[in-house]
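The values are calculated or read from the model by the stated rules, or taken from the named source; none is laboratory data. Treat the numbers as computed from the prediction; the structure is a model and nothing was measured. All Cβ positions, even for glycine, are placed from backbone atoms using ideal geometry, and neighbour counts span all protein chains on display.
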Amino acid sequence: MNKFKMICLDIDGTLLNSEHKISQNTKEVIRIAINEKNIPVILVSARMPKGILFLLKELNVSQPIICYSGALVMDDKTNIISNVTIPIIDVEAVFNFAKEIGIHVSLYRNDEWYIEKMDKWAKQESEITNILPSIIDFNNLFHAWKQKDSGPNKILCMAEPNELKLLYTKISEHHFNELNVYNSKPTYLEIMPQNASKTSAIEILSRKFGIERSEIIAIGDNYNDISMIEFAGIGIAMGNAPSEVKQCADEITLCNDEDGVAESIKKYILV
């Protein structure tokens with residue numbers, strides 16, 4: 001009997017190929033795992049719900065989703081299971097740092113994406129995700145969130161690598177206690193609540209499904225996947241992952257353009 005009972009998949013660079021698509025082979029393998037083997041396949045991403053739900057429809061499956069690298073967890077009916085936000089005082093400080101340098105800032109809360117203007121960075125992200133952001137004055141947005149004692153699930157800063165390094169240094173020197181800051185790619189700096197992670201969200205769902213840590217497979221390709229790769233019963237790095245991510249994995253599969261996800265699921269589930 002197969003010992004694995006849940007599969008957790010990162011999306012970009014893992015489930016999706018370099019054309020931001022799911023290959024037909026991977027679709028079929030995932031459907032077999034869910035429908036014939038009764039294995040929940042959980043999409044775990046820094047994306048917002050809209051950027052994940054259309055992929056579930058494409059796969060023709062109903063499963064919970066983990067958004068914003070664990071800050072928001074929703075069930076298959078999009079009911080909120082867990083929701084963690086960034087304190088507004090920290091949001092304002094990061095925004096002011098970014099503004100000084102001239103870095104684009106996107107704010108995400110629940111299923112909304114907010115920007116102050118449609119620049120080249122917002123346009124690029126919109127083309128990748130097929131989602132249009134809401135344009136709003138951030139000072140008004142901050143005021144509204146203060147009234148509700150709330151904030152965003154995620155801050156995304158987009159700029160050239162040298163500018164993001166400068167921003168990262170400023171954030172580090174400020175000694176924020178409640179932020180998790182990392183590069184998801186050279187031109188993207190993602191900022192999440194400190195107490196939310198892909199692993200903490202997976203733990204929430206594993207308890208919901210009654211699944212042990214040792215029964216989980218996690219597959220990812222980037223630095224924000226390291227914690228779930230190390231947490232899972234077997235953690236798998238994609239062939240296109242950086243060497244630091246590969247070093248943390250139990251196994252390395254093929255790259256995302258060679259159906260690495262499908263190969264791993266065949267090896268551990270479809271046996």
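Figures for the structure shown
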read-out: Residue check for I86: in contact with a strand residue (DSSP E or B) (Cβ under 7 Å, 6 or more places away or on another chain), in contact (Cβ under 8 Å) with a residue 60 or more places away in the chain, part of a loop (DSSP other than H, G, I, E, B) and of a type outside the set (F, W, Y); value: yes
read-out: Residues that are out of contact with any strand residue (DSSP E or B) (no Cβ under 8 Å at 6 or more places or on another chain) and either in a helix (DSSP H, G or I) or crowded, with 19+ Cβ neighbours inside 10 Å (or both), drawn from the range 146-160; value: K146, Q147
read-out: Index of the failed condition, V105 passing every other in (1) farther than 19 Å from D10 by Cα; (2) in contact (Cβ under 8 Å) with a residue 60 or more places away in the chain; (3) of a type outside the set (G, A, S); value: (2)
read-out: Within the range 178-271, helices (runs of 4 or more DSSP H) holding 3 or more residues that are surrounded by fewer than 19 Cβ atoms within 10 Å (Cβ to Cβ) and touching a helix residue (DSSP H, G or I) at 6+ places or on another chain (Cβ under 7 Å); value: none
read-out: Residue check for S172: part of a helix (DSSP H, G or I), modelled with pLDDT under 95 and not assigned by TED's automatic domain parsing to the domain that holds N38; value: yes
read-out: Count of the range 108-131 residues which are in contact (Cβ under 8 Å) with a residue 24 or more places away in the chain and among the basic types (K, R); value: 1
read-out: Single residue of the range 74-109 satisfying the filter (surrounded by fewer than 17 Cβ atoms within 10 Å (Cβ to Cβ) and touching a Pro at 6+ places or on another chain (Cβ under 9 Å)) that is nearest to I191 (Cα to Cα); value: I81
read-out: Single unsatisfied condition, I128 versus (1) surrounded by fewer than 17 Cβ atoms within 10 Å (Cβ to Cβ); (2) among the β-branched types (V, I, T); (3) assigned to a strand (DSSP E or B); value: (3)
read-out: Condition met for I11 (touching a Pro at 6+ places or on another chain (Cβ under 7 Å), at pLDDT 95 or above and of a type outside the set (D, E)); value: no
read-out: Every residue from the range 64-95 that is among the polar types (S, T, N, Q) and more than 16 Å from the chain's Cα centre (by Cα); value: T78, N79
read-out: Those residues of the range 47-82 which are of a type in the set (A, V, I, L, M) and in a loop (DSSP other than H, G, I, E, B), in sequence order; value: M48, V61, A71
read-out: Selection from the range 17-46 of residues that are assigned to a helix (DSSP H, G or I) and not acidic (D, E); value: Q24, N25, T26, K27, V29, I30, R31, I32, A33, I34, N35
read-out: Failed item in (1) crowded, with 21+ Cβ neighbours inside 10 Å; (2) closer than 18 Å to E215 by Cα; (3) not small (G, A, S), with Y68 passing the rest; value: (2)
read-out: Failed item, numbered, when S200 is tested on (1) among the small types (G, A, S); (2) under 13 Å from the mean Cα position of the chain (by Cα); (3) farther than 29 Å from I81 by Cα; value: (3)
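Conditions (1) hydroxyl-bearing (S, T, Y); (2) without any contact (Cβ under 8 Å) to a residue 12 or more places away in the chain; (3) within 18 Å of H104 (Cα to Cα); (4) in contact with a strand residue (DSSP E or B) (Cβ under 6 Å, 6 or more places away or on another chain), marked per residue:
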| position | (1), (2), (3), (4) |
| --- | --- |
| L164 | no, no, yes, yes |
| Y168 | yes, no, yes, no |
| I171 | no, no, yes, yes |
| F176 | no, no, no, no |
| L179 | no, no, no, yes |
| P186 | no, no, yes, no |
| E190 | no, no, yes, yes |
| A196 | no, no, no, no |
| S200 | yes, no, no, no |
